[in-house]
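Undergrad: Take this structure first; my questions come after.
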Ligand SMILES: NC(=[NH2+])NCCC[C@H](N)C(=O)O
């Protein structure tokens, strides 16, 4: 029998460089309502308290913007996710910016401390910076750095103040001390917009990235099969779907850091389906819809919602 879904609405956008990803959650719900779907009414939901008001403050952490508030936000998300999983439910997490994944992964680890976690990151970005290497200071570029426990000091370009360092270490130890994911258990799909410190860390750690061209050439099924083989020793899998993994020119630019030459929605659907068929996926998160940046009305939210609706329809059959 299928586990019952709980929707988690995490309208936080302080990890992104542009405001508006917090509106992505409601943009997806409105996309659902406008097409006559009761999807968001079908499942119980939890609203996560946000710290978005911190943008009014004069932030003093140029290499990890709003880090004290991102930390609090992730703590909150982690508790909600942990609680959901401990109650035997499936967390379907709708988040604003991708820094949320630090909360989600920490919550999963807290709920299943003895299980080995695999992470599949469907994204245009590697999000494996640390405050020491970030070019922007935006924390949505760092969640995997924190969850792997990687400062990447070899590629250091920024000198941190004490408070940033303290909060960064707190984020790495959120809920469960130490690295939560091993690089061997992390697989990227669609990563194509990275900076040098990320490239060298990804190469050093041997993290697999299925680029769009490879997925097209070899087929989704083959790549999914290989991924699941690679994660054979993982008991559970977290799927993180950043909508910027999709082609910004052909689909929509309604996201904070759009990148062309990405996946088509159909390819994302096939990926989600194939990976979920493993029976190991315990949590799915969708992030980075920013309707304020969408020049085609609410297109990104509509496309993202269609993918999810289809996914959960298929799953219940
Ligand atoms: N989740 C995202 N959209 N991440 C974009 C990160 C972009 C860039 N690598 C940075 O660190 O600023």
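Undergrad: So how much slack lies between residue 161 and residue 214, counting 0.36 nm per residue of separation and subtracting their Cα-Cα distance, in nm?
TA: The span from residue 161 to residue 214 would gain 14.9 nm if fully extended.
Undergrad: When the label point is put 7 Å from the Cα of residue 173 along its Cα-to-beta-carbon vector, which residues of the range 128-158 have a backbone N closer than 16 Å?
TA: 146-151
Undergrad: Would you work out the relative contact order for the range 5-316, in percent, from Cα pairs under 8 angstrom that are 6 or more residues apart?
TA: Once divided by the residue count of the range 5-316, the mean separation gives 22 percent.
Undergrad: Using the count of nearby Cβ atoms within 10 Å as a rough guide to exposure, how do 168, 121 rank from fewest to most?
TA: Fewest-to-most ranking of 168, 121: 168, 121.
Undergrad: Once the piece of chain linking residue 34 and residue 154 is laid out straight, how much longer is it, given 0.36 nm per residue of separation minus the C-alpha distance between them?
TA: Gain on stretching residue 34 to residue 154: 38.2 nm.
Undergrad: Oh, and also: Mind jotting down the distance between the C-alpha centroids of the range 70-141 and the range 10-37, whole Å?
TA: The distance from the Cα centre of the range 10-37 to that of the range 70-141 comes to 18 Å.
Undergrad: Continuing with the same structure: Given the options 130, 54, 99, state which has the largest fluctuation in a GNM of the chain using a 10 Å cut-off (strictly under) for Cα springs.
TA: It is 54.
Undergrad: Considering only C-alpha atoms, what is the centroid distance from the range 246-317 to the range 222-236, in Å?
TA: That distance is 21 Å.
Undergrad: Another one. How big is the chain along each principal axis, measuring the range of its Cα positions in Å and listing the largest first?
TA: 52, 42, 41
Undergrad: Something else now. When the chain is treated as a GNM, springs tying every alpha-carbon pair under 10 Å, which of 270, 300, 139 comes out with the largest mean-square fluctuation?
TA: Maximum among the listed residues: 270.
Undergrad: Below 8 Å, C-alpha to C-alpha, sequence gap of six or more: please give me the relative contact order for the range 89-222 in percent.
TA: Relative contact order for the range 89-222 comes out at 28 percent.
Undergrad: Continuing with the same structure: Give me the distance in nm between label points sitting 7 Å out from Cα along the Cα-to-Cβ direction at residue 116 and residue 56, one decimal.
TA: Going from the residue 116 label point to the residue 56 one covers 4.9 nm.
Undergrad: Okay, moving on. Under 10 Å, Cα contacts only: if you run a Gaussian network model on the chain, which one of 111, 184, 146 comes out with the highest mean-square fluctuation?
TA: 184
Undergrad: Just grab the label-to-label distance for residue 222 and residue 203, each label 7 Å out from Cα along the Cβ direction, in nm (one decimal).
TA: 2.5
Undergrad: Sticking with the crude label model, points 7 Å out along Cα→Cβ, report the distance from residue 310 to residue 230 in nm, one decimal please.
TA: Reported label-point gap for residue 310 and residue 230 is 2.4 nm.
Undergrad: Follow-up question, since we're still on this one. Please work out how much length the chain gains when fully extended from residue 18 to residue 43, using 0.36 nm per residue of separation minus the C-alpha to C-alpha distance, in nm with one decimal.
TA: Difference between extended and current length: 6.0 nm.
Undergrad: State, as an integer percentage, the relative contact order of the range 1-144 based on alpha-carbon contacts under 8 Å between residues 6 or more apart.
TA: 32
Undergrad: What translational diffusion coefficient, to the nearest whole µm²/s, does the range 217-317 have by Stokes-Einstein, given a Kirkwood radius computed over alpha-carbon pairs, a temperature of 25 °C and 0.890 mPa s viscosity?
TA: After rounding, the answer is 171 µm²/s.
Undergrad: Quick one: Debye curve from the C-alpha atoms of the range 20-90, no solvent, what's log10 I(q)/I(0) at q = 0.26, 0.28 Å⁻¹?
TA: The calculated log intensity ratios at q = 0.26, 0.28 Å⁻¹ are -1.17, -1.22.
Each reported figure results from applying straightforward, stated rules to the coordinates on display, with no laboratory input. This structure is a prediction, so every number in the text was calculated from the model and none was measured. All Cβ positions, glycine included, derive from the backbone under ideal geometry; neighbour counts span all protein chains shown.
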